[in-house]
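The values are calculated or read from the model by the stated rules, or taken from the named source; none is laboratory data. Computed from a prediction, not measured in an experiment: that's the story for all the values here. Ideal geometry is used to build each Cβ from the backbone, glycine not excepted, and the neighbour counts take in all protein chains shown. Ligands, DNA and RNA are stripped out before the accessible areas are found, and what is left, the full protein with its side chains, is counted by its heavy atoms. Shrake-Rupley method; radii C 1.70, N 1.55, O 1.52, S 1.80 Å.
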Amino acid sequence: MGKVVLVTGAARQLGGRFVRRVQRDPGVERVIAVDAVEPAHELGDAEFVRADIRRPAIARVLAEHPVDTVVHMDVTGTPLGTGGRATVKETNVIGTMQLLGACQKSPSVKRLVVKSSTSVYGSAPRDPAVFTETTPPKSLPSGGFAKDAVEVEGYVRGFARRRPDVAVCVLRFANILGPAADSPLAEYLSLPVLPTVFGYDPRLQFVHEDDVLDVLMIASDEPRRGTLNSGTFNVAGEGVLLLSQCSRRLGRPTVPVPLPAVTWVGTALRTVGMTDFSPEQIRLLTHGRVVSTDQMRETLGFEPTYSTMEAFTDFARGRGAGLLPPEAVARTVDRLDHLARLVSKERT
């Protein structure tokens, strides 16, 4: 790994964990942690620089420190503090533009790692069963964090063309879950009652917070023998879960809402604080999304510790019991399924 590593988004819990983790690498001499606000957690021996990546001042940070590895983690769907959706979008898009401009001017930068999302594929009724890194989306995201991620990746591709000497790695994470997850989907799954789209039961994939840190370490380091950590990679735990399975494991009842009325529900959720319950989030909860992780394993050489189910189980354990005991929900579902099978047999 490079001797000097700069990490954006250090005030977020995931960014702070990575800052502390990367310091343990014996090849790292210094870690520069950057964010617009003071972190509420410890950053170890890292040097914290209070800088807003939306401002040209980030160029001075790179100029003052011989940074050779930049890990851009300040691409997210949730704000810090009192910031709203507009602040999040500016940080994601304008902040990335400013950061890439600073990296382009810095001759010391040799590696760039960008935290992205599988939401760039969108969610549509005619989507393929599984997306690969080269699968074009049927319908580009039109808003919310998903659109931010599409724009961010566009700017990163432009940077890679202008600086072919820089190794660029884009990690498209599935929905990140864990005990301290702060994503829009984590907020949704923490509601006491889950509004769902009537007639749909989407397939979902998750990646555990610990696996996120592990793969970021691999992407930030020099590639291991037989691997390549430059390019774009989907990152997700093995397997899928249906939304109905998630609700049962959480012990949270669902309220099916007709598709035309879902937009009103989304507006109400945004009113009570869910900042990114956007149309794209609603499409995910309608059609779902599953991505291939072959390149993650075969090219990047990363094998997640947690499967999708294990990541979700750890998340559910951290959120506490829901309104309904999961065991009782499971027994009720089994009974209803048994009755439905009996009725079907009688009819035939």
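Remarks
- Farthest positive-ward along the chain dipole, Cα basis, beta-carbon charges - from Ala167, Pro79, Val113: Pro79
- Dimensions of the range 148-299 along the principal axes, based on C-alpha atoms and rounded to the nearest Å, stand at 51, 30, 26, largest first.
- Of all accessible heavy-atom area on the range 135-247, the percent that carbon and sulfur account for (1.4 Å): 55 percent
- Normalised by the number of residues in the chain, the mean separation of alpha-carbon contacts (under 8 Å, six or more apart) gives a relative contact order of 18 percent.
- Here the relative contact order of the range 60-185, from alpha carbon pairs under 8 Å that lie six or more residues apart, stands at 32 percent.
- Here is the size of the range 133-178 from its Cα atoms: Rg then Dmax, 12.6, 37 Å.
- Figure note: Ile94, Ile53 ranked by solvent-accessible area, largest first, 1.4 Å probe, ligands and nucleic acids not counted: Ile94, Ile53.
- Protection proxy ranking, peptides 13-20, 26-33, 288-295, average beta carbon neighbours within 10 Å, highest first: 13-20, 288-295, 26-33
- Among the listed pairs Lys110/Lys147; Lys89/Lys138; Lys3/Lys115; Lys105/Lys138; Lys115/Lys138, those beyond 32 Å (Cα-Cα): Lys105/Lys138
- Environment charge of Gly301, counting only residues whose C-beta is closer than 13 Å and scoring Lys/Arg +1, Asp/Glu -1: -3
- Heavy-atom accessible surface of the chain, averaged per residue, reaches 46 Å², computed with a 1.4 Å probe.
- Percent of beta bridges antiparallel (DSSP, the range 141-251, rounded to nearest 5): 20 percent
- Distances between every pair of Cα atoms in the chain, grouped in 20 Å steps from 0 to the bin holding the largest one, split as 30, 56, 13, 1 percent.
- Karplus (6.51, -1.76, 1.60) ³J(HN,Hα), θ = phi - 60°, over the range 70-75, in Hz, Gly and Pro reported as x: 10, 10, 8, 9, 8, 10
- Cα-centre dipole for the chain with unit charges at Cβ (Lys and Arg positive, Asp and Glu negative), debye to 20: 700 debye
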